[in-house]
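The values are calculated or read from the model by the stated rules, or taken from the named source; none is laboratory data. Note that the structure is predicted; figures quoted are calculated from it, not measured. Glycine also receives a Cβ, built like all others from the backbone with ideal geometry; neighbour counts cover every protein chain displayed.
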Amino acid sequence: MSGSSTIAISQLQSSGMLSKEQLLHLFNRFTFLTSLPDVKNRIAEAVKDQQEAVAATTAIQEEIFLEMGVDPSFGLSCLGKVNIYENDQELMIRFLKFVAREEMACDEAELGPDEFTERMHSQQKLHEQQLEMLKHMRKFHLDDQSAILEKLHQQMENTNYEGGVSVLSSEQIQEIVQRRVSPLFSPK
């Protein structure tokens with residue numbers, strides 16, 4: 001925070017909206033800082049001290065806003081208004097990555113390194129399975145794909161969106177398609 005303490009509070013930006021460039025700077029700086037071991041330790045220490053991990057990540061964001069010459073409260077309020085840029089696909093994607101990065105930093109602090117690594121490995125495996133399922137689904141007609149996705153949605157709803165049920169096996173997909181082709185019970 002070198003130099004930020006010399007900025008008078010009255011000189012901090014506190015009105016309008018953060019520009020796209022300011023938001024991208026925040027996202028990049030936050031991603032960089034939360035990848036540093038000492039910052040990871042800072043968040044983990046906050047959790048050990050019975051603080052919410054998100055309070056520590058918010059404090060980091062406030063520090064970045066000060067570095068940028070932005071009133072921290074104002075900067076945080078602007079994050080709740082990023083949807084004014086909804087037509088800027090690049091910015092919205094970067095915003096979602098920023099939110100995901102904050103969640104990941106919090107998870108890592110709350111779970112500890114071993115459990116966090118295990119969770120990341122499980123998520124990677126699940127994503128690979130989902131990708132394989134989608135590749136397999138593409139072999140079918142659009143109507144069949146819709147039926148498969150509807151069945152997957154029902155399955156996920158029935159299990160309160162637990163991660164493991166977000167994949168259908170090749171056999172399950174084939175069964176769904178077969179039922180569409182030759183229903184067991186035809187309407188009378």
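Among (1) modelled with pLDDT under 95; (2) under 13 Å from A109 (Cβ atoms); (3) part of a helix (DSSP H, G or I), which single condition is Q51 missing?
Of the numbered conditions (1) modelled with pLDDT under 95; (2) under 13 Å from A109 (Cβ atoms); (3) part of a helix (DSSP H, G or I), the odd one out for Q51 is (3).
Answer with yes or no whether V39 is of a type in the set (V, I, T) and either more than 29 Å from V167 (Cβ to Cβ) or not in a helix (DSSP H, G or I) (or both).
So V39 fits the description; yes.
Take the range 8-59 and flag every residue that is more than 17 Å from the chain's Cα centre (by Cα), exposed (fewer than 13 other Cβ atoms within 10 Å of the Cβ) and hydroxyl-bearing (S, T, Y).
Of everything in the range 8-59, those that are more than 17 Å from the chain's Cα centre (by Cα), exposed (fewer than 13 other Cβ atoms within 10 Å of the Cβ) and hydroxyl-bearing (S, T, Y) turn out to be S10, S15, S19.
Considering only residues that are surrounded by fewer than 16 Cβ atoms within 10 Å (Cβ to Cβ) and under 18 Å from the mean Cα position of the chain (by Cα), which ones fall in the range 61-78?
Hit for the range 61-78 is L76, nothing else.
Restricting attention to helices (runs of 4 or more DSSP H) lying wholly within the range 73-188, give those where 3 or more residues are assigned by TED's automatic domain parsing to the domain that holds L24, within 30 Å of E21 (Cα to Cα) and not aliphatic (A, V, I, L, M).
Of the helices (runs of 4 or more DSSP H) lying wholly inside the range 73-188, those with at least 3 residues that are assigned by TED's automatic domain parsing to the domain that holds L24, within 30 Å of E21 (Cα to Cα) and not aliphatic (A, V, I, L, M) span 89-111.
Just name the residue that is farthest from the chain's Cα centre (by Cα) out of those in the range 141-175 that are over 18 Å from S122 (Cα atoms) and hydroxyl-bearing (S, T, Y).
Only one residue fits best here, namely S170.
What are the pairs, 6+ residues apart or on separate chains, where a residue within the range 137-165 that is in contact (Cβ under 8 Å) with a residue 40 or more places away in the chain has its Cβ under 8 Å from a residue that is part of a helix (DSSP H, G or I)?
Close Cβ pairs satisfying both conditions: G163/S122; G163/Q123; G163/L126.
Exactly one of these conditions fails for I148: (1) among the β-branched types (V, I, T); (2) within 23 Å of V181 (Cβ to Cβ); (3) loosely packed, with under 14 Cβ neighbours inside 10 Å. Give me its number.
The one condition I148 does not meet is (3).
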